[in-house]
1. Among the numbered conditions (1) closer than 19 Å to Ala172 by Cβ; (2) of a type outside the set (Lys, Arg); (3) outside any helix (DSSP H, G or I), tell me where Ala62 comes up short.
2. Of the conditions (1) surrounded by 13 or more Cβ atoms within 10 Å (Cβ to Cβ); (2) touching a residue at least 12 places away in the same chain (Cβ under 8 Å), Asp153 clears all except one; give me its number.
3. Identify all residues within segment 109-123 that are crowded, with 19+ Cβ neighbours inside 10 Å and modelled with pLDDT under 90; write none if there are none.
4. Filter segment 83-97 for residues that are modelled with pLDDT of 90 or more and either closer than 17 Å to Val155 by Cα or under 10 Å from the mean Cα position of the chain (by Cα) (or both) and give the result.
5. Could you check, for segment 146-166, whether at least one of its residues is hydrophobic (A, V, I, L, M, F, W, C), under 13 Å from the mean Cα position of the chain (by Cα) and assigned to a helix (DSSP H, G or I)?
Amino acid sequence: MEKTVKQNGTIQSLLVGLKLLLICAIVAGVISFIYSLTAEQYEKNIQATKNDAIGEIFGLEAPTCKEIAKGDTTVYTVYNGDTLIGYCVESASAGFGGDVALMVGYGADRALLGVSVIAHSETPGLGAKVAESAFLDQYKGQSGALVLGEGVDAVSGATISSRAVTNAVNLATEALETALSEQNGGEGQ
(Lines give C-alpha, C1' and ligand atoms only; values in the text may rest on other atoms or scores of the structure.)
Protein backbone atom coordinates (compact mmCIF):
# COMPACT_ATOMS: atom_id res chain seq x y z
CA MET A 1 0.00 0.00 0.00
CA GLU A 2 2.81 2.41 0.90
CA LYS A 3 4.47 1.70 -2.45
CA THR A 4 1.23 2.60 -4.30
CA VAL A 5 0.95 5.92 -2.46
CA LYS A 6 4.55 6.81 -3.41
CA GLN A 7 3.89 5.86 -7.03
CA ASN A 8 0.74 7.99 -7.09
CA GLY A 9 2.68 10.92 -5.62
CA THR A 10 5.40 10.48 -8.24
CA ILE A 11 2.82 10.26 -11.02
CA GLN A 12 1.08 13.41 -9.72
CA SER A 13 4.40 15.26 -9.62
CA LEU A 14 5.18 14.19 -13.18
CA LEU A 15 1.74 15.31 -14.34
CA VAL A 16 2.19 18.73 -12.73
CA GLY A 17 5.63 19.00 -14.34
CA LEU A 18 4.23 18.06 -17.76
CA LYS A 19 1.42 20.60 -17.38
CA LEU A 20 3.94 23.32 -16.53
CA LEU A 21 6.10 22.28 -19.48
CA LEU A 22 3.07 22.46 -21.79
CA ILE A 23 2.13 25.92 -20.46
CA CYS A 24 5.70 27.18 -20.94
CA ALA A 25 5.79 25.78 -24.49
CA ILE A 26 2.50 27.52 -25.34
CA VAL A 27 3.66 30.84 -23.87
CA ALA A 28 6.99 30.59 -25.73
CA GLY A 29 5.11 29.86 -28.95
CA VAL A 30 2.81 32.85 -28.49
CA ILE A 31 5.75 35.16 -27.74
CA SER A 32 7.63 33.88 -30.81
CA PHE A 33 4.55 34.38 -32.98
CA ILE A 34 4.03 37.94 -31.73
CA TYR A 35 7.72 38.70 -32.24
CA SER A 36 7.56 37.46 -35.84
CA LEU A 37 4.55 39.72 -36.47
CA THR A 38 6.16 42.84 -34.98
CA ALA A 39 9.89 42.45 -35.75
CA GLU A 40 9.76 44.15 -39.15
CA GLN A 41 7.77 47.12 -37.87
CA TYR A 42 10.07 47.40 -34.86
CA GLU A 43 13.12 47.61 -37.15
CA LYS A 44 11.35 50.22 -39.30
CA ASN A 45 10.60 52.29 -36.18
CA ILE A 46 14.22 52.12 -35.06
CA GLN A 47 15.43 53.21 -38.51
CA ALA A 48 12.87 56.04 -38.58
CA THR A 49 14.13 57.25 -35.19
CA LYS A 50 17.71 57.26 -36.50
CA ASN A 51 16.71 59.05 -39.70
CA ASP A 52 14.75 61.65 -37.71
CA ALA A 53 17.78 62.25 -35.48
CA ILE A 54 20.06 62.72 -38.49
CA GLY A 55 17.54 65.04 -40.13
CA GLU A 56 17.23 67.06 -36.92
CA ILE A 57 20.99 67.46 -36.58
CA PHE A 58 21.45 68.59 -40.19
CA GLY A 59 18.19 70.51 -40.48
CA LEU A 60 17.00 68.36 -43.38
CA GLU A 61 13.74 66.54 -43.85
CA ALA A 62 15.17 63.56 -45.74
CA PRO A 63 18.97 63.35 -45.81
CA THR A 64 20.57 60.48 -47.70
CA CYS A 65 22.88 58.36 -45.57
CA LYS A 66 25.42 55.72 -46.47
CA GLU A 67 26.94 53.43 -43.85
CA ILE A 68 30.74 53.45 -44.09
CA ALA A 69 31.74 51.61 -40.90
CA LYS A 70 30.00 49.34 -38.45
CA GLY A 71 31.09 47.95 -35.10
CA ASP A 72 30.30 49.14 -31.59
CA THR A 73 29.54 52.42 -33.36
CA THR A 74 28.12 52.94 -36.84
CA VAL A 75 29.45 55.73 -39.04
CA TYR A 76 27.37 57.23 -41.86
CA THR A 77 28.13 59.77 -44.55
CA VAL A 78 25.28 62.26 -44.92
CA TYR A 79 24.32 63.80 -48.25
CA ASN A 80 21.91 66.49 -49.36
CA GLY A 81 21.25 65.25 -52.87
CA ASP A 82 24.72 64.37 -54.21
CA THR A 83 26.59 66.78 -51.97
CA LEU A 84 28.42 65.44 -48.90
CA ILE A 85 27.31 67.62 -46.00
CA GLY A 86 28.79 65.64 -43.12
CA TYR A 87 28.89 62.52 -41.06
CA CYS A 88 26.77 60.95 -38.37
CA VAL A 89 27.89 58.39 -35.86
CA GLU A 90 25.58 56.15 -33.87
CA SER A 91 27.16 55.61 -30.48
CA ALA A 92 26.22 54.49 -26.96
CA SER A 93 27.62 54.48 -23.44
CA ALA A 94 26.43 53.10 -20.11
CA GLY A 95 24.29 55.51 -18.11
CA PHE A 96 22.56 55.15 -14.75
CA GLY A 97 19.57 53.17 -16.07
CA GLY A 98 21.23 51.44 -19.02
CA ASP A 99 22.82 52.46 -22.29
CA VAL A 100 22.31 55.97 -23.61
CA ALA A 101 22.25 55.75 -27.43
CA LEU A 102 23.11 58.82 -29.48
CA MET A 103 23.38 60.06 -33.00
CA VAL A 104 26.28 62.51 -33.20
CA GLY A 105 26.54 64.76 -36.26
CA TYR A 106 29.66 66.32 -37.76
CA GLY A 107 30.02 68.72 -40.67
CA ALA A 108 32.10 67.81 -43.71
CA ASP A 109 34.95 69.63 -41.90
CA ARG A 110 34.39 67.28 -38.89
CA ALA A 111 33.11 70.07 -36.65
CA LEU A 112 30.57 68.75 -34.15
CA LEU A 113 27.16 69.98 -35.33
CA GLY A 114 24.87 68.36 -32.81
CA VAL A 115 23.85 65.43 -30.69
CA SER A 116 20.51 63.65 -30.55
CA VAL A 117 19.56 60.99 -28.00
CA ILE A 118 17.83 58.12 -29.81
CA ALA A 119 17.26 55.83 -26.82
CA HIS A 120 17.77 55.84 -23.06
CA SER A 121 16.44 54.38 -19.82
CA GLU A 122 17.49 57.18 -17.51
CA THR A 123 15.41 58.32 -14.54
CA PRO A 124 12.45 60.47 -15.66
CA GLY A 125 12.78 64.06 -14.49
CA LEU A 126 16.44 63.68 -13.61
CA GLY A 127 18.80 61.66 -15.81
CA ALA A 128 16.31 61.92 -18.68
CA LYS A 129 17.20 65.62 -18.88
CA VAL A 130 20.29 64.60 -20.88
CA ALA A 131 17.93 64.14 -23.84
CA GLU A 132 16.79 67.77 -23.71
CA SER A 133 18.22 70.44 -26.00
CA ALA A 134 19.24 72.56 -22.99
CA PHE A 135 21.87 69.91 -22.22
CA LEU A 136 22.67 68.67 -25.74
CA ASP A 137 23.21 72.12 -27.28
CA GLN A 138 26.43 72.58 -25.30
CA TYR A 139 28.13 69.93 -27.48
CA LYS A 140 27.70 71.99 -30.67
CA GLY A 141 30.99 73.35 -31.91
CA GLN A 142 33.06 71.29 -29.46
CA SER A 143 36.10 69.38 -30.69
CA GLY A 144 38.64 66.90 -29.43
CA ALA A 145 38.22 64.73 -26.36
CA LEU A 146 35.47 66.18 -24.17
CA VAL A 147 35.62 66.13 -20.38
CA LEU A 148 32.61 66.61 -18.15
CA GLY A 149 33.14 69.81 -16.14
CA GLU A 150 35.55 71.27 -18.74
CA GLY A 151 33.39 72.86 -21.40
CA VAL A 152 30.54 70.42 -20.81
CA ASP A 153 28.37 70.89 -17.73
CA ALA A 154 26.55 67.95 -16.14
CA VAL A 155 22.84 67.93 -15.45
CA SER A 156 22.53 68.64 -11.72
CA GLY A 157 21.96 65.36 -9.89
CA ALA A 158 22.56 63.28 -13.03
CA THR A 159 26.32 63.07 -13.32
CA ILE A 160 26.33 59.44 -14.44
CA SER A 161 23.83 60.15 -17.22
CA SER A 162 25.74 63.27 -18.26
CA ARG A 163 29.02 61.33 -18.30
CA ALA A 164 27.38 58.65 -20.47
CA VAL A 165 26.49 61.23 -23.13
CA THR A 166 29.97 62.76 -23.04
CA ASN A 167 31.59 59.32 -23.28
CA ALA A 168 29.33 58.38 -26.20
CA VAL A 169 30.26 61.62 -28.01
CA ASN A 170 33.96 60.87 -27.46
CA LEU A 171 33.46 57.31 -28.78
CA ALA A 172 31.68 58.74 -31.82
CA THR A 173 34.53 61.14 -32.55
CA GLU A 174 37.08 58.33 -32.29
CA ALA A 175 34.97 56.08 -34.54
CA LEU A 176 34.63 58.83 -37.16
CA GLU A 177 38.38 59.50 -37.19
CA THR A 178 39.11 55.77 -37.48
CA ALA A 179 36.55 55.22 -40.26
CA LEU A 180 37.80 58.18 -42.31
CA SER A 181 41.41 57.15 -41.79
CA GLU A 182 40.65 53.59 -42.95
CA GLN A 183 38.62 54.89 -45.88
CA ASN A 184 41.63 56.96 -46.98
CA GLY A 185 44.10 54.08 -46.64
CA GLY A 186 45.38 55.15 -43.23
CA GLU A 187 46.02 58.77 -44.22
CA GLY A 188 44.39 61.68 -42.42
CA GLN A 189 41.90 63.72 -44.40
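1. (1)
2. Unmet condition: (1).
3. Hit for segment 109-123 is Glu122, nothing else.
4. Result: Glu90, Ser91, Ala92, Ser93, Ala94, Gly95, Phe96.
5. Yes, the conditions are met somewhere in segment 146-166.
This table checks each residue for (1) at pLDDT 90 or above; (2) more than 19 Å from Asn167 (Cβ to Cβ); (3) out of contact with any helix residue (DSSP H, G or I) (no Cβ under 7 Å at 6 or more places or on another chain); (4) crowded, with 17+ Cβ neighbours inside 10 Å.
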residue	(1), (2), (3), (4)
Ala101	yes, no, yes, yes
Gly125	no, yes, yes, no
Leu136	yes, no, yes, yes
Gly149	no, no, yes, no
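The values are calculated or read from the model by the stated rules, or taken from the named source; none is laboratory data. This structure is a prediction, so every number in the text was calculated from the model and none was measured. All Cβ positions, even for glycine, are placed from backbone atoms using ideal geometry, and neighbour counts span all protein chains on display.
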